[in-house]
Amino acid sequence: MNYPEQIKDEEPGTRFLLYPQSPFLEPDAPLELVEISAPQGSVGPGPSGPRMYTVNPVGKTTPYGAIVPGPNGPGMYLPPWNGYIQPPAMPDALGNFIHIDPTDPAFEAAHLYGSAHFTMDVWQGYFDRPIPWHFSRDFDRLELSLLPSLDNAHIGWGFLETGGTHEHGDEYRPYSLNFDVVAHEIGHAIIYSVIGMPSDGDASGEYYGFHESAADLVALLASLHFGSVVDTLLENTRGNLYTFNRLSRFAELSENAQIRIAANDRSLSEFAAGWSSEHALSEPLTGAMFDVFVDIYHERLLLHGLISAEEEELSDQLEGTPEYSQVMQDIFDKRYAENPEGFRIALLEARDYLGTYLADAWERLDADMLSYFGVEKALLAVDQEITGGAFRRIIEGNFRMRDIGLTTAGPRLPDPEEDSHSHSVRTQVPD
């Protein structure tokens, strides 16, 4: 397996303070120190570096990707922003950005940059190679842009633009401070780079559902590289990951406004007659991958002698039943108390197994031929190469439980949701 820590240069990386979870979930949300791979001194004002740069435009009202008039007719509105900007975030004397207070307007720009770069570092570690931008024919760097009037966050041809929401009273909640949102958008960029876009400009529903699932998994595994997320997760669940917890929620905006849930019970057969939301369509695949992750985690617990074979078997038997929580939580409470550090190690091992498997499997996929069953086959091939098929039963069992391999998604139904990516700036390529 390739561990993300191994991609760092020997010289110190640039340091940022990031919110591992949405700061709007709790007052006085803690920040965590992270170190990105860019060496100290290589990230300048903005922040700006060799792969990406941040701008906070003054007077910008049109989001990137919009079709606007031009000298040669209508065309896509794309970076760079050449107008006035707010004062950029400045590095300290050592080249770090840890001195900027969260109340400083420049913190939002620093947080956006640090979140995007940190996510890419994690996944370049799993791929064991640099991941080029899918828009590299036109732009060398990704522009990270702040646009408060945009009630969305989206990545497109040369840009990642974040706005915010006013859905919670009069409080403005910028998506740039939500690590999951930023990591999710970077996930889309990774998939576009590795798998590409369909050659004829059209794609199956499972391509779009896969995109959403993969982006969620990019965010999920990246979040598990925050020590505080791992510690809090284990303390709250006592190692029982099927407890409803923060790991299984994405883009948290408040305690009751999660966008998607990884630990779900959706099956692909629910979409055999058709689909209208790729977010919903993604849930069977995300759910299958979450179950694979938990099962690998249980295998690591068993290997380290932290749970017994009987207890692991009982977990499999009770999964999805009302009795699971009561029976298994008592067991996990006892076992976790005996060796919390062992549980932490098993969780990190499962994290890195899944990250490596996903990276290697995604390398095998083709945008024109993508299906959920194809994802399963790619995972099985990777598993055979890495472990000789140690997790074959786990992968096949969890995909069959979601009816993947037994049916396929039907056609896209009329009137897709407003947040559909199948006709969004994320998938538009300029002529």
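The values are calculated or read from the model by the stated rules, or taken from the named source; none is laboratory data. Keep in mind that what you see is a predicted model, and the values were worked out from it rather than measured. Backbone-built Cβ (ideal geometry, glycine too); neighbour counts: all protein chains shown. These accessible areas exclude ligands, DNA and RNA; they are computed on the full protein's heavy atoms, side chains included. Shrake-Rupley method; radii C 1.70, N 1.55, O 1.52, S 1.80 Å.
Take the conditions (1) among the β-branched types (Val, Ile, Thr); (2) touching a Leu at 6+ places or on another chain (Cβ under 9 Å); (3) surrounded by fewer than 18 Cβ atoms within 10 Å (Cβ to Cβ); Thr103 misses just one of them, which is (2).
With the condition kept exactly as written, say whether any residue in region 20-28 is at pLDDT 95 or above and assigned by the TED database to the domain that holds Ser115. Within region 20-28, not a single residue is at pLDDT 95 or above and assigned by the TED database to the domain that holds Ser115. Checked against (1) outside any helix (DSSP H, G or I); (2) buried (at least 19 other Cβ atoms within 10 Å of the Cβ), Ala222 passes all but condition (1). Here the condition is being of a type in the set (D, E, K, R), modelled with pLDDT under 95 and surrounded by 21 or more Cβ atoms within 10 Å (Cβ to Cβ); of Asp291, Asp265, it holds for Asp291 alone. In region 169-182, the count of residues that are outside any helix (DSSP H, G or I), open to solvent by less than 20 Å² (accessible area, probe 1.4 Å) and in the same structural domain as Asp28 (by the TED database) is one or more. The set of residues in region 67-100 being of a type in the set (A, V, I, L, M, F, W, C), assigned to a loop (DSSP other than H, G, I, E, B) and exposed (fewer than 14 other Cβ atoms within 10 Å of the Cβ) consists of Ala93, Leu94.
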